[in-house]
Amino acid sequence: MTTIPPFAPETWRLLGTIAWWTAAAVGLVVVALAAYGYRRNRSRPMLFLALGIASFTVVDFVATVLAAWLVGPVVLPLVGNGVELVGMVSILYAVVLARRE
């Protein structure tokens with residue numbers, strides 16, 4: 001059985017921050033590709049898919065950082081869950097709209 005090496009808490013925090021920034025950057029690339037697909041095809045489902053993915057990655061990242069900085073960590077779950085809910089509804093609408101077209 002392998003064990004996790006005993007890194008210092010600062011190392012785990014740094015790894016978490018790197019993973020967070022990487023997820024935001026990759027999400028931004030996916031959103032840019034979806035927005036390009038919307039502009040090329042004028043497809044409303046692609047627009048709502050881009051908005052949903054953006055709210056899951058980039059908007060969630062920015063909203064969490066701003067909420068932590070302005071209000072404090074107490075409201076982070078509320079902000080994160082609210083942004084994710086908007087993203088889920090947007091993606092759900094994109095899927096339902098795509099079935100109608």
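The values are calculated or read from the model by the stated rules, or taken from the named source; none is laboratory data. Here the structure is a predicted model, which means the values were calculated and not measured. We place every Cβ from the backbone using ideal geometry, glycine too, and count neighbours over all the protein chains shown.
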Just one of Val59, Val96, Val89, Val75 is of a type in the set (A, V, I, L, M), in a helix (DSSP H, G or I) and buried (at least 19 other Cβ atoms within 10 Å of the Cβ); which is it? Val59
Spot the failing condition for Tyr93; the list is (1) modelled with pLDDT of 80 or more; (2) over 20 Å from Ser43 (Cβ atoms); (3) not basic (Lys, Arg), and only one is missed. (2)
In the range 9-56, anything loosely packed, with under 12 Cβ neighbours inside 10 Å and among the hydroxyl-bearing types (Ser, Thr, Tyr) is listed as Thr11, Thr17, Thr22
Looking only at residues in the range 25-60 that are in contact with a helix residue (DSSP H, G or I) (Cβ under 6 Å, 6 or more places away or on another chain) and among the β-branched types (Val, Ile, Thr), which one is nearest to Gly87 (Cα to Cα)? Ile53
Note on the range 27-46: residues within 21 Å of Leu92 (Cβ to Cβ) and either among the acidic types (Asp, Glu) or in contact (Cβ under 8 Å) with a residue 24 or more places away in the chain (or both) are Gly27, Val30, Val31, Ser43, Arg44, Pro45, Met46
Yes or no: the range 66-84 includes at least one residue that is touching a residue at least 40 places away in the same chain (Cβ under 8 Å) and under 21 Å from Ala25 (Cβ atoms). no
